[in-house]
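**Q** Structure in structure tokens, see below.
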Amino acid sequence: SLAGGSDLAGGFPPGFLWGAATSAYQIEGAAREDGRAPSIWDRFVARPGAIFQGQTGEVAADHYHHMEEDVALMARLNLRAYRFSISWPRVLPQGTGPVNERGLAFYERLVDTLLAQGIEPLVTLYHWDLPAALEDRGGWLVRETAQAFAEYAEVVARRLGDRVRWWLTHNEPWCSSYLGYALGIHAPGMHDKQLAIHAGHHILLSHGLAAQCLRSLLPREAQIGIALDFYPVYAADERPETLAAVQQADTFRNRWFLDPLFHAEYPELLFSTLDVTPPLIQANDLAVIATPLDFLGVNYYSRMLVRGAGAGSAATTSGNPSYEVVERIPGASYTAMGWEIFPEGLEVILTRLHREYAPKALVVTENGAAFEDHWHTGEGVHDWQRIHYLQLHIEALSRVLAQQVPLKGYMVWSLLDNFEWAFGYSKRFGLVYVDYPSQRRIIKDSGQWYASFIAAQRR
Ligand code: GBH
């Protein structure tokens, strides 16, 4: 195994951030407590048919009431870092204006508890839970929401800025924009590609405004970044239509947010691929959006295999007119989400980002898998498939480091089983199993494996 004496043990740089990640709505519960106001997700989950079996994040893993216990678990897992998100409507119930002291105090206690255990906190400001009050004023479709996000960033930075070094503005703006506004499978549940383009622009603007605000308030050592989700795109055949499809899918899935952030421009191909018009861009927008960052967060789960439309196959179109995604590849292995296990893609995306966009540093802010985990009282959870998945992806990291890529950390999604959005509690990604009826936590075999792997690394 990788844990003791293998090629990898000791092969990672000292100080490498071995961690795990979560997000507020997926684990906290306590949806109406201590002055927290509703977010767009509290509303979306109430829609008939939106979520598996009508489940909600109302209680989730009840982390809000198990915070100390959960940090103790992290310590048992030997985590050096923990990535979590802050619930905007817990801190600013109306989205702007009056601060909810009790909400802010929860995150302050969390950060202090982590630091007392020697665990480095990575804070994400937005993991999809927009205050409902802001949705009522237009949500991400209006520019005012970008301004409100910068205000929110300021409130959090003033409180935690002396203790938190790693900051992420947004998690996966592609999901907030496209799943939320075009495919309607995430909040706020709209079905219009053109709206997704507008929302995406305001999210990018909010990122830039917040990054500038954080830069002006935080100490010099602060590391400011954003987490994007990436899918390396592969061609299913050699036809010219397919090679064009690869460019379209890559632009849509990977470059939509990268190019504005790092090159201060949208890729033209984005708009023709989606058959939409560009967003309304004001004079300074792209300069604000391209505010220099300290690191890029990379969420990686799988790749995309595409072919040009018209090859006459069983492929599905994933809501896109011009190419087909191949969903089942003969001989490939899949997770319980139906996502192909493709560790090489992590190496491909990290080396490409380094080559083409050259962020000052990279952190894998999410990587992990759902499998059918089973727990019976008195027994462990024998998730050998997850151990194998993690080993293969960590091996990919060591190949990346051998190529001088400035990779600083790796966060497993997820610390705990949690509310998997539209899939509710039916998918388990945790290193730790959550028995929801009792809220008992059981460290899975993968958690034990990760703990000994980390222990074998130099500090
Ligand atoms: C992450 O998203 C999230 O950050 C995290 O909250 C979540 O729990 C975790 O992954 C596991 O899902 O077929 O067009 O509907 C992962 C990225 C992007 C994966 C969208 C699923 C579906 C695209 N996700 N993708 S589509």
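**Q** Using a 1.4 Å probe on the protein heavy atoms, what percent of the accessible area of region 188-305 belongs to carbon and sulfur?
**A** Exposed carbon and sulfur together represent 55 percent of the surface.
**Q** Amide H of LEU77 versus every other amide H placed in the peptide plane: which residues, excluding those fewer than 5 positions away on the same chain, fall under 5 Å?
**A** Under 5 Å from the amide H of LEU77 lies no amide H from a residue far enough along the sequence or on another chain.
**Q** Taking only C-alpha pairs under 8 Å that are 6+ residues apart, what is the relative contact order of the chain in percent?
**A** Rounded, it is 19 percent for the chain.
**Q** Under the Kirkwood approximation for Rh and a Cα-based Rg, what ratio Rg/Rh is obtained for the chain?
**A** Dividing the radius of gyration by the Kirkwood radius yields 0.94.
**Q** Ordering ASP42, ASP112, ASP383 by how much accessible area each has at a 1.4 Å probe, largest first, what is the list?
**A** Putting ASP42, ASP112, ASP383 in descending order of accessible area: ASP112, ASP42, ASP383.
**Q** If you roll a 1.4 Å probe over the heavy atoms of the protein chains, what accessible area per residue do you get for the chain, in Å²?
**A** Dividing the accessible area of the chain by its residue count gives 36 Å².
**Q** What per residue convex hull volume, in Å³, comes out for region 158-315 when only alpha-carbon positions are used?
**A** 131 Å³
**Q** Can you give me the three principal axis dimensions of region 391-459 from its C-alpha atoms, in Å, biggest first?
**A** 46, 28, 18
**Q** What are the extents of the Cα atoms of region 260-393 along their three principal axes, listed from largest to smallest and rounded to whole Å?
**A** 62, 44, 28
**Q** Let me ask something else about it. For region 326-459, what is the relative contact order in percent, using Cα pairs closer than 8 Å and at least 6 residues apart in sequence?
**A** Taking the mean separation of contacting Cα pairs over the length of region 326-459, I get 25 percent.
**Q** Once you treat every alpha carbon in region 138-239 as an equal point and sum by Debye, what is log10 I(q)/I(0) at q = 0.10, 0.20, 0.24 Å⁻¹?
**A** With no solvent term, the Cα-only Debye profile gives -0.35, -0.97, -1.17.
**Q** Something else: Leaving out same-chain residues fewer than 8 places away, which aspartates and glutamates sit with a Cα under 15 Å from that of LYS193?
**A** Counting by Cα, and skipping residues close in sequence, LYS193 has these aspartates and glutamates nearby: ASP275.
**Q** Pop a pseudo-label 7 angstrom from the Cα along the beta-carbon direction at both TRP339 and LEU269 and give the gap in nm to one decimal.
**A** If labels sit at TRP339 and LEU269, their model points lie 2.3 nm apart.
**Q** Send over the per residue convex hull volume for region 317-459, Cα only, as a whole number of Å³.
**A** 154 Å³
**Q** For LEU168, what residues show an amide H to amide H distance below 5 Å, using hydrogens built from the backbone and excluding near sequence neighbours?
**A** For LEU168, whose amide H was placed from the backbone, the distant partners under 5 Å are VAL123, THR124, LEU125, GLY225.
**Q** For ILE289, what is the net charge nearby, where nearby means another residue's Cβ is under 12 Å from its Cβ and Lys, Arg count +1, Asp, Glu -1?
**A** -3
**Q** If Lys and Arg each add +1 and Asp and Glu each add -1, what is the summed charge of the other residues whose beta carbon sits under 12 Å from the beta carbon of LEU209?
**A** -2
**Q** A further question follows. What Kirkwood hydrodynamic radius do you get for region 42-153 when you take the inverse of the mean 1/r over all pairs of distinct Cα atoms, in Å?
**A** Result for region 42-153, one decimal place: 15.7 Å.
**Q** May I ask you to compute the full-extension gain from GLU241 to HIS65, defined as 0.36 nm times their residue separation minus their alpha-carbon distance, rounded to one decimal in nm?
**A** 58.0 nm
**Q** Once phi is turned into ³J(HN,Hα) by the Karplus curve 6.51 cos²θ - 1.76 cosθ + 1.60 with θ = phi - 60°, what whole-Hz value does each residue of region 59-70 show in order, with x for glycine and proline?
**A** 10, 6, 8, 6, 4, 4, 9, 10, 4, 4, 4, 5
**Q** Using only alpha carbons, build the gyration tensor for region 136-184 and give me the equivalent ellipsoid semi-axes, biggest first, whole Å.
**A** Computed over region 136-184, the values are 25, 15, 6 Å.
**Q** Taking loop as defined by DSSP and a crowding limit of 15 other beta carbons within 10 Å, which GluC sites (Glu not before Pro) in region 185-259 fit?
**A** Filter output for region 185-259: GLU221, GLU238.
**Q** Report ³J(HN,Hα) in whole Hz for each residue of region 19-35, in order, from the Karplus equation J = 6.51 cos²θ - 1.76 cosθ + 1.60 where θ = phi - 60°; Gly and Pro get x.
**A** In residue order, the calculated couplings are x, 9, 10, 8, 9, 3, 5, 6, 10, 5, x, 6, 5, 10, 9, 6, x Hz.
**Q** Around TRP128, which amide H atoms from residues at least 5 apart in sequence, or from another chain, sit under 5 Å from its own amide H, with H modelled in the peptide plane?
**A** Amide H neighbours of TRP128, under 5 Å, 5+ apart: ASN171.
**Q** While we're here: Per residue of region 166-171, in order, report the coupling 6.51 cos²θ - 1.76 cosθ + 1.60 (Karplus, θ = phi - 60°) as ³J(HN,Hα) in whole Hz, putting x for Gly and Pro.
**A** 9, 10, 10, 6, 10, 9
The values are calculated or read from the model by the stated rules, or taken from the named source; none is laboratory data. Not measured: the values here are computed from a predicted model. Don't worry about glycine lacking a Cβ; one is built from the backbone with ideal geometry, like all the others, and counts go over all protein chains shown. Each accessible area value is taken on the protein alone, full model and side chains, heavy atoms only, with ligands, DNA and RNA left out. Shrake-Rupley method; radii C 1.70, N 1.55, O 1.52, S 1.80 Å.
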